[in-house]
Amino acid sequence: MKRIFLTAILLAFLTGCGQKNPYDTVFVEGTVKLDGVPTAGINIVFLPPGDGNPAGGLTDDSGKYKLTTGGAPVGSGAIPNEYNVTFSKMEIEGSNLNFEDYQKQIGDRPPKTTYIVPEKYGNVATSGIKPVKVEKGKKNVFDFNLSTKE
């Protein structure tokens, strides 16, 4: 759950402030498929080693994403570096309800979380996804095919 919270915080920062890019980023894009099907609404995060700046994006209806580095313009890409990649998409029971209806249906019990993208892909140690290298002067297209099968 901590990883999910951190991803949500990261995505909030990815909107950037203003149009000036304070980083030397390069354009990064690709497609994410789930069981061979391009899937919308998957959060993708590129995590650099150490204290580097992460980049992230969200897949559209055709499973395509474009990365943004926090504080840079939307879609500006990632700073050249090697990155571990994580993915997440989940449905949280009651998240579409107003407060009153939520209280009626959910009450005080914890809401049920359904992982659309298996939880293992949200953790670098369990994802099985190899690191990728974003390079200046190269076409940085990274496609991923995730599986719901163990």
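Taken together, the values in this text are just the output of simple stated rules run on the coordinates, not laboratory data. In this text, all values refer to a predicted model and were calculated from it rather than measured experimentally. FYI the Cβ positions are ideal-geometry reconstructions off the backbone, even for glycines, and counts take in every protein chain you see.
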* Quick one: which of LYS64/LYS112; LYS89/LYS138; LYS33/LYS139 span more than 23 angstrom between C-alpha atoms? -> LYS64/LYS112; LYS89/LYS138
* Give the relative contact order (percent, whole number) for region 29-150; include only Cα pairs under 8 Å separated by 6+ residues. => 30
* Structure fact -> Ordered by fewest other Cβ atoms within 10 Å, a rough proxy for footprinting exposure, LYS120, LYS89 read LYS120, LYS89
* Sites matching GluC sites (Glu not before Pro) across region 77-142 that sit in DSSP coil, with at most 16 neighbouring C-beta atoms within 10 Å -> GLU93, GLU135
* Cα-based convex hull volume of region 2-142 per residue, rounded to whole Å³ -> 134
